[in-house]
1. In whole Å, how far is the Cα centre of the range 84-138 from that of the range 35-82?
2. Probe radius 1.4 Å, ligands and nucleic acids left out: which of Ile49, Ile106 has the largest accessible area, and how do the rest follow?
3. What Kirkwood Rh does the range 28-167 have if only Cα atoms enter the pairwise 1/r average? Answer in Å.
4. Roughly how many percent of the accessible protein surface of the range 21-98 is carbon and sulfur, given a 1.4 Å probe and a whole-percent answer?
Amino acid sequence: MGDRTRRMRTRRMRTRERATTPMIAKSIEAAVVILFIGVVTSGLYAGVIPEYRSVTAAEVGDRTLATAGHEIERAVPPKQGGTVLEQRTERRVSLPATIRAEPYHIVPDEGASRIELRHPHRSIGGSRALSLPEHVVEIRGELPGGEGWIVVTTAPEGDGVIIILGAEPTEAGE
C-alpha cells in the first residue's frame, strides 16, 4: 500500500501542477499584451500625437488668416466716380472659435497693408499681406475667433475709408 499511495500522491501532484501551468502562462500573456499596449500608447501621446496636433493647428491657422484677409478685402466698396462717398458697410465674418483649443485674434499690422494671427501657442501664427484699394486709410481693432464683424466707414477727413474689426458691429463701429 505504501507504494500505491506514493504513486497516487505523485499523480495528484502532477495533475495539480498541470492545472496551474496554463493559468500562469495565460496570465503572463495577458500582462505582456497590457504592457505592449501601454508602451505603444505612451509613445504615441509623447511624440506623434502632439506633433500632429501642432501641424494641424498651424494649417487651420493659415486657412483662418487667409479667410479673414479675403473677407476684409471683400468688405471694402470701390470708389464711385473717383471719389469716396460717405458710407458705412458692415460684414459678418465666421471663423473657427478656437485653434488647438485656445482662443486667438487677428489684428492689423503695419497700418493698412497686413493682418496678423496671434495665438498663445508658438507654432501657430503668421501674417498675410492685404490687397486693398488705395483709398483705405487705416485698419484698426481686432477680429476674435468665432463670429466677428468688419465695419467699413468713411474716414473723418473724407479722403478714404477706415476698416474697423470687432466682435460686435457696434463695438467695431465706434
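The values are calculated or read from the model by the stated rules, or taken from the named source; none is laboratory data. As the structure is a computational prediction, the values presented were derived from the model and not from experiment. When the accessible area is computed, the model is the full protein with side chains, heavy atoms only, and any ligands, DNA or RNA have been set aside. Shrake-Rupley method; radii C 1.70, N 1.55, O 1.52, S 1.80 Å.
1. 15
2. Ile49, Ile106
3. One decimal place: 17.2 Å for the Kirkwood radius.
4. Carbon and sulfur together cover 65 percent of it.
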